[in-house]
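Written below as structure tokens is the structure these notes are about.
The values are calculated or read from the model by the stated rules, or taken from the named source; none is laboratory data. Worth saying up front: this structure is predicted, and the values here are computed from it rather than measured. Every residue, glycine among them, receives a Cβ derived from its backbone with ideal geometry; neighbour counts consider all protein chains shown. These area figures cover heavy atoms from the full protein model, side chains too; ligands, DNA and RNA do not enter into them. Shrake-Rupley method; radii C 1.70, N 1.55, O 1.52, S 1.80 Å.
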Amino acid sequence: DAKTTQPNSMESNEEEPVHLPCNHSTISGTDYIHWYRQLPSQGPEYVIHGLTSNVNNRMASLAIAEDRKSSTLILHRATLRDAAVYYCILAGGTSYGKLTFGQGTILTVHP
Amino acid sequence: DTEVTQTPKHLVMGMTNKKSLKCEQHMGHRAMYWYKQKAKKPPELMFVYSYEKLSINESVPSRFSPECPNSSLLNLHLHALQPEDSALYLCASSRGLAGVIPPQETQYFGPGTRLLVL
């Protein structure tokens, strides 16, 4: 499985944008980039996914580099409820549903 | 309804006990998953079921026995566990309607069962 690298932790202030980076230099052409987050004492929650083009949904935006070797999850206005561990995960054509979670980024949001 | 429910929320068991974890979804999903998450670690996949058949077993010890009796229900039977098996056990589901789970498919997770083995 292709591997992802994320910073261990990041901090933000409430109502400010947050850019969470992810490096995946060994990504293959069929790998989708998924982002999940896990709030304290909860199961992981889907945030967004993409293949090549940037993606937006009501929770976040995903910016994918042109060479696809990195991506950035953008939370446009962080709230205290966005404090969580954010996981960047690659899933390819032979994953058959398997999500391999890395260590993730612990996001702290300050009031 | 995008909810995956898991029971019980907490479970304490001895090493000689037999217990079961239950997971349920009513989204019409045909793929279901068990993950294990140790404290301060990421979730690790244990099993994948597709159309009630086991499709992936990540070399999990036989003291963990999964069962998918119907498309809405997934069980994990536990027997002769060790203290190091104490963890949060997460269930997830995804559409899986094609039989082969596509890589862009979203998984929906339950809140987990926190297991303590004494």
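Of the residues that make up region A:83-101, is at least one open to solvent by less than 70 Å² (accessible area, probe 1.4 Å), small (Gly, Ala, Ser), part of a loop (DSSP other than H, G, I, E, B) and more than 14 Å from chain B (Cβ to nearest Cβ)?
Looking only at region A:83-101, we keep the residues that are open to solvent by less than 70 Å² (accessible area, probe 1.4 Å), and these are A:83-93, A:95, A:97-101.
Retained after the next criterion (residues that are small (Gly, Ala, Ser)): A:83-84, A:91-93, A:95, A:97.
Going one step further and asking which of them are part of a loop (DSSP other than H, G, I, E, B), we end up with A:83, A:92-93, A:95, A:97.
Next, from what is left, pick out any that are more than 14 Å from chain B (Cβ to nearest Cβ): A:83.
Among the residues of region A:83-101, at least one is open to solvent by less than 70 Å² (accessible area, probe 1.4 Å), small (Gly, Ala, Ser), part of a loop (DSSP other than H, G, I, E, B) and more than 14 Å from chain B (Cβ to nearest Cβ), which makes the answer yes.
Note down all Cβ pairs under 6 Å where the first residue falls in region B:20-31 and is within 13 Å of chain A (Cβ to nearest Cβ), the second is charged (D, E, K, R) and surrounded by fewer than 20 Cβ atoms within 10 Å (Cβ to Cβ), and they're at least six residues apart or on different chains.
B:HIS29/B:ARG95
Out of the residues in region B:76-118 that are polar (S, T, N, Q) and part of a loop (DSSP other than H, G, I, E, B), which is least open to solvent (accessible area, probe 1.4 Å)? It would help to see each step written out before you state the result.
Pass one, region B:76-118, residues polar (S, T, N, Q): B:82, B:86, B:93-94, B:104, B:106-107, B:113.
Narrowing the set further to residues that are part of a loop (DSSP other than H, G, I, E, B) leaves B:82, B:86, B:104, B:106-107.
Values: B:GLN82: 69, B:SER86: 27, B:GLN104: 69, B:THR106: 23, B:GLN107: 5 Å².
Within region B:76-118, the match that is least open to solvent (accessible area, probe 1.4 Å) is B:GLN107.
Does A:ALA78 satisfy the condition of being of a type in the set (A, V, I, L, M, F, W, C), within 21 Å of B:LYS36 (Cα to Cα) and open to solvent by less than 30 Å² (accessible area, probe 1.4 Å)?
Numbers: of a type in the set (A, V, I, L, M, F, W, C): yes; within 21 Å of B:LYS36 (Cα to Cα): no; open to solvent by less than 30 Å² (accessible area, probe 1.4 Å): yes.
For A:ALA78, the condition - of a type in the set (A, V, I, L, M, F, W, C), within 21 Å of B:LYS36 (Cα to Cα) and open to solvent by less than 30 Å² (accessible area, probe 1.4 Å) - is not met.
Checking B:VAL60 against (1) at pLDDT below 95; (2) part of a loop (DSSP other than H, G, I, E, B), which test does it fail?
Status for B:VAL60: all satisfied but (1).
Could you tell me whether B:PRO42 is free of Cβ contacts under 8 Å to residues at least 24 places away in the same chain, out of contact with any helix residue (DSSP H, G or I) (no Cβ under 7 Å at 6 or more places or on another chain) and within 20 Å of A:TYR87 (Cα to Cα)?
Values: free of Cβ contacts under 8 Å to residues at least 24 places away in the same chain: yes; out of contact with any helix residue (DSSP H, G or I) (no Cβ under 7 Å at 6 or more places or on another chain): yes; within 20 Å of A:TYR87 (Cα to Cα): yes.
It is true that B:PRO42 is free of Cβ contacts under 8 Å to residues at least 24 places away in the same chain, out of contact with any helix residue (DSSP H, G or I) (no Cβ under 7 Å at 6 or more places or on another chain) and within 20 Å of A:TYR87 (Cα to Cα).
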